[in-house]
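Reading through the structure tokens given below for one structure.
The values are calculated or read from the model by the stated rules, or taken from the named source; none is laboratory data. Worth saying up front: this structure is predicted, and the values here are computed from it rather than measured. Here the Cβ is made from the backbone with ideal geometry for all residues, glycine too, and neighbour counts use every protein chain on show. SASA here: full protein model, heavy atoms, side chains in, ligands and nucleic acids out. Shrake-Rupley method; radii C 1.70, N 1.55, O 1.52, S 1.80 Å.
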Amino acid sequence: MARAEEAPIFEARVSKVLDGDTFTLSGESRRIRVWGLDAPEWNHQGGSTATSTLRSLISGKHLRCAVLDVDRYGRLVAQCLLPNGRDIAAEMIRSGAATEYCRYSGGYYGTC
């Protein structure tokens with residue numbers, strides 16, 4: 001993981017996918033923003049594809065998320081893993097539905 005060694009960890013089931021890089025977990029009131037991922041907004045070109053790709057990837061799944069930051073909107077910025085250990089951001093980048101957010105990732109996913 002990026003810097004997750006000492007980060008607070010949340011483990012919960014996905015309750016709702018809001019867009020291509022934001023979702024909520026059961027029992028957590030704050031939204032989760034996927035660390036290192038830049039997806040188009042829902043109302044921009046590619047936004048509905050990014051949202052549906054993330055939805056198909058994580059809906060109803062139990063995730064393990066390491067909270068690395070809190071953004072200006074109060075969302076928890078987290079690096080999250082699927083039950084099989086795959087990184088959500090890496091999967092979204094690999095699918096082509098989103099890109100690496102190089103400004104924040106520091107090239108972690110190797111696409112910057």
- Query: Along its principal axes, what span do the Cα atoms of the chain show, with the longest given first and each in whole Å?
  - Reply: 33, 31, 28
- Query: What residue among Gly85, Gly36, Gly60 has the largest mean-square fluctuation in a Gaussian network model of the chain, using Cα springs under 10 Å?
  - Reply: Gly85
- Item | Point-charge dipole on Cβ atoms (K/R +1, D/E -1) for region 33-112, about Cα centre, debye to 20 | 200
- Query: Ordered by residue, what ³J(HN,Hα) values in Hz, to whole numbers, does region 52-65 give under the Karplus form 6.51 cos²θ - 1.76 cosθ + 1.60, where θ = phi - 60° and Gly and Pro are x?
  - Reply: 5, 5, 5, 4, 5, 6, 10, 3, x, 7, 8, 10, 10, 10
- On the first, second and third principal axes, largest extent first, how far apart are the outermost C-alpha atoms of region 33-91 in Å? 29, 28, 18
- Note on the structure: Any GluC sites (Glu not before Pro) in region 1-78 that lie in a DSSP loop and have at most 10 other Cβ atoms within 10 Å would be none
- Query: For region 3-109, which chymotrypsin sites (Phe, Trp or Tyr not before Pro) are both in a DSSP coil and crowded by at most 11 other Cβ atoms within 10 Å?
  - Reply: Tyr73
- Task: Over region 69-112, average the accessible area per residue using a 1.4 Å probe and give it in Å², no decimals.
- Result: 56
- Message: Suppose a student asked you for the relative contact order of region 54-98, using Cα pairs under 8 Å spaced at least 6 residues apart; what percent would you report?
- Response: 30
- Item | Percent RCO, i.e. relative contact order, over the chain, from Cα pairs under 8 Å lying at least 6 residues apart | 29
- Item | At most 13 other Cβ within 10 Å, DSSP loop - trypsin sites (Lys or Arg not before Pro), region 78-112 | Arg86
- Given a 1.4 Å probe and every protein chain left where it sits, what share in percent of the accessible area of region 34-83 is carbon and sulfur? 51
- Query: With θ set to phi - 60° and the Karplus curve 6.51 cos²θ - 1.76 cosθ + 1.60, what are the ³J(HN,Hα) couplings of region 9-21 in order, to the nearest whole Hz, using x for Gly and Pro?
  - Reply: 10, 10, 10, 6, 7, 5, 9, 7, 9, 8, 7, x, 9
